[in-house]
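Here is the structure we will look at, set down as structure tokens.
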Amino acid sequence: MSVRVAIGDFSRMTQLSIKALRHYHDVGLLVPATVDPDSGYRLYDLAQVPVAQVIRRFRDLGMPLDEVRVVLQAPDVATRNEVIVAHLARMELQLSQTQSMVASLRSLLEHPPALVPVRHRSVRAVPALAIAERVIMADLEEWWADAFADLYGTLRLAAVEPADCGGALYPGELFELEVADVVAFVPVPQPVTGGARARMVEVPAAELAVAVHQGPFAELDRTYAAVGSYVAERELGVDGPIREYYLVTAADTSDESQHQTEVCWPIFQTTTA
């Protein structure tokens, strides 16, 4: 005969709060062995303790309830392990990002900002395959990766080599209001068709103050500050989007310290044609 315990004792055994146990019951993740029809009291079988402990450990690791459900209901070991490995990979990525941010903050606090060389450059208008969409700042990194994967995938399918490195246009509204129409583009030597999102555009000519950022995107604000300060001190600024050109990216090396991004601030013309 199985032994059943009240929700309070089951909570103490599993270190899951009564509130959590009620929620898991409501969503069908951990259903009590019986529920008294008169009092509504939940009773759990002692055999459910290991299941509850597994749920608690996965929740401590930040696994969403839907994924915990898939693990518990997996028809075979391979399916279960696939979900667990995918979650662990996300945790490793989050850990790597946290470590990168900690290193960046420590560097910012312990070392004065390095002098960043700024030069002027005129760029001509160029045809490009582009994705232009309204983007929220909080979603920018994910959108950026997805947009460039789409652009370069479209070029591969069309058997067209890029004419230059990819870039993006960031209107001031993105930084001021945290939402704006952002353009990711790859210059091309000929018109390209295909893909649901990508289309041909002409990236306009511009006069730019340019600095090269060496390192991860997490520290890009340092180079932005350097270029912005240079432009402000010389009263060179004009309206227009900030440009970034991606010289070395994760597609070239996984070592973020080797990544290179040009930060380009629009200025009035200071060079002769």
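The residues of the stretch 63-81 that are at pLDDT below 85 and assigned to a helix (DSSP H, G or I), listed by number, are 77, 78, 79, 80, 81. Out of the stretch 113-161, which residues are assigned by TED's automatic domain parsing to the domain that holds residue 227 and touching a Lys or Arg at 6+ places or on another chain (Cβ under 7 Å)? Selection gives 130, 131, 150.
Can you confirm whether residue 189 is closer than 22 Å to residue 124 by Cα, not basic (Lys, Arg) and not in a strand (DSSP E or B)? It would help to see each step written out before you state the result.
Numbers: closer than 22 Å to residue 124 by Cα: yes; not basic (Lys, Arg): yes; not in a strand (DSSP E or B): yes.
Considered against the rule, which asks whether it is closer than 22 Å to residue 124 by Cα, not basic (Lys, Arg) and not in a strand (DSSP E or B), residue 189 comes out as yes.
Listed by first and then second residue, the pairs with beta-carbon distance under 6 Å, at least 6 apart or on different chains, first residue in the stretch 200-219 and closer than 18 Å to residue 239 by Cα, second of a type in the set (S, T, N, Q), are 207/122; 207/269.
Can you find even one residue in the stretch 112-130 that is farther than 30 Å from residue 193 by Cβ and under 18 Å from the mean Cα position of the chain (by Cα)? Within the stretch 112-130 (the criterion being farther than 30 Å from residue 193 by Cβ and under 18 Å from the mean Cα position of the chain (by Cα)), the answer is no, since none of the residues qualifies. Residue 99 falls short on exactly one of the conditions (1) surrounded by 13 or more Cβ atoms within 10 Å (Cβ to Cβ); (2) polar (S, T, N, Q); (3) over 30 Å from residue 185 (Cβ atoms), and that condition is (1). Looking only at residues in the stretch 6-53 that are touching a strand residue (DSSP E or B) at 6+ places or on another chain (Cβ under 8 Å) and in a loop (DSSP other than H, G, I, E, B), the one that is nearest to residue 67 (Cα to Cα) is 32. From the list 205, 226, the lone residue that is exposed (fewer than 15 other Cβ atoms within 10 Å of the Cβ), at pLDDT 90 or above and in contact with a strand residue (DSSP E or B) (Cβ under 8 Å, 6 or more places away or on another chain) is 205. Contact annotation: residue pairs with Cβ atoms under 9 Å, 6 or more positions apart or on different chains, pairing a residue in the stretch 180-197 that is farther than 16 Å from residue 148 by Cβ with a partner that is surrounded by fewer than 17 Cβ atoms within 10 Å (Cβ to Cβ) and of a type in the set (Lys, Arg), are 180/134; 181/134; 193/199.
Determine if the stretch 155-167 includes at least one residue that is surrounded by 17 or more Cβ atoms within 10 Å (Cβ to Cβ), aliphatic (A, V, I, L, M), under 26 Å from residue 213 (Cα atoms) and in contact with a strand residue (DSSP E or B) (Cβ under 6 Å, 6 or more places away or on another chain). No, because not a single residue in the stretch 155-167 is surrounded by 17 or more Cβ atoms within 10 Å (Cβ to Cβ), aliphatic (A, V, I, L, M), under 26 Å from residue 213 (Cα atoms) and in contact with a strand residue (DSSP E or B) (Cβ under 6 Å, 6 or more places away or on another chain).
Looking at 11, 39 in this structure, which one is modelled with pLDDT under 90, on the phi < 0 side of the Ramachandran plot and of a type in the set (Ser, Thr, Tyr)? Just one listed residue meets the conditions, 39.
The values are calculated or read from the model by the stated rules, or taken from the named source; none is laboratory data. On a predicted model such as this, the values are computed, not experimentally measured, just so you know. Virtual Cβ from ideal backbone geometry, glycine too; neighbours counted across all protein chains shown.
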